[in-house]
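Enquirer: Starting off with a structure, shown below.
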Amino acid sequence: MIILINIIEIYFYDYIKMGTCPVGEEYDAGLCYPVCANNFSGVGPVCYGNCPNDFSDIGLFCEKPTAYGRGAGHATENGCLNSDDHGAATNGCERNGGLWYPKCDPAFHNFDCCICTPNCPTGYTDTGIGCTKPTYGRGVGSIPSLFSPGTITAIIVGFIIFIIIIVIIYFSMSGHKHHHSDQSSDNYNNNSYHSPQYHNPQYHSPHPRFKVNPKYITAAESAL
């Protein structure tokens, strides 16, 4: 019976969990919410921006990939261009705070004077080492319908499966009881009480150990 209950629970779980929200909505924490826009994921009543592939998702923030340094700065532009600093030969140099530094690589920007950090996606707030996700609300949610077409179909099919399993179990148990009854009957027919010795006229006691003297039987018949 426990196995039967587990089968039914597994069968109905997806229908109850996911099949009862209207089209264009999704199930989350017991309620139905509108599906979030592209590149957003919903948690309850809020949609959060997804992190780019090379960023680490840390909840409300996206942690940036590794930044890099662009040197200690140079007094002249030529001194920067002729240096071995990262990007000096390929990106050119720019002035920052009175000194010259190599420009950051594409998809990077300078953070303070000397660090090049990855850019945040459009709409994300740059915190230096990470990006704050954009968010928007999607309502308070609605209670899932218990009688959506998917759930009704699941109930009907599940009920049919339940009946079939019960019938199989019933006939299986009935066949076992019938087989056991036949064995008991055979054992009774082979009992010593039904042996020829039991029907000998000398034995009229309920048990064959106790013999009755034939002369008493003859006297009793004469009295009658």
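The values are calculated or read from the model by the stated rules, or taken from the named source; none is laboratory data. Remember, predicted model here, so these are calculated numbers, not experimental data. Glycine also receives a Cβ, built like all others from the backbone with ideal geometry; neighbour counts cover every protein chain displayed.
Enquirer: Given the condition modelled with pLDDT under 90 and in a loop (DSSP other than H, G, I, E, B), answer yes or no: does some residue in the stretch 6-13 qualify?
Expert: The first filter runs over the stretch 6-13 and keeps only residues modelled with pLDDT under 90, leaving 6-13.
Applying the additional criterion that residues be in a loop (DSSP other than H, G, I, E, B) yields none.
No, the stretch 6-13 contains no residue that is modelled with pLDDT under 90 and in a loop (DSSP other than H, G, I, E, B).
Enquirer: Next question. Of the residues in the stretch 27-74, how many are more than 30 Å from residue 87 (Cα to Cα) and among the hydroxyl-bearing types (Ser, Thr, Tyr)?
Expert: Total meeting the criteria: 4.
Enquirer: I would also like to ask the following. Within the stretch 104-135, how many residues are closer than 21 Å to residue 75 by Cα and aromatic (Phe, Trp, Tyr)?
Expert: So the answer is 1.
Conditions (1) surrounded by 14 or more Cβ atoms within 10 Å (Cβ to Cβ); (2) in contact with a helix residue (DSSP H, G or I) (Cβ under 9 Å, 6 or more places away or on another chain); (3) at positive phi, marked per residue:
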{"residue": "61", "(1), (2), (3)": "yes, no, no"}
{"residue": "73", "(1), (2), (3)": "yes, yes, yes"}
{"residue": "80", "(1), (2), (3)": "yes, yes, no"}
{"residue": "87", "(1), (2), (3)": "yes, no, yes"}
{"residue": "92", "(1), (2), (3)": "no, yes, yes"}
{"residue": "107", "(1), (2), (3)": "no, no, yes"}
{"residue": "126", "(1), (2), (3)": "yes, no, no"}
{"residue": "131", "(1), (2), (3)": "yes, no, no"}
{"residue": "141", "(1), (2), (3)": "yes, no, yes"}
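Enquirer: Out of (1) over 30 Å from residue 24 (Cα atoms); (2) at pLDDT 95 or above, the odd one out for residue 67 is which?
Expert: Looking at each condition in turn, residue 67 falls short on (2).
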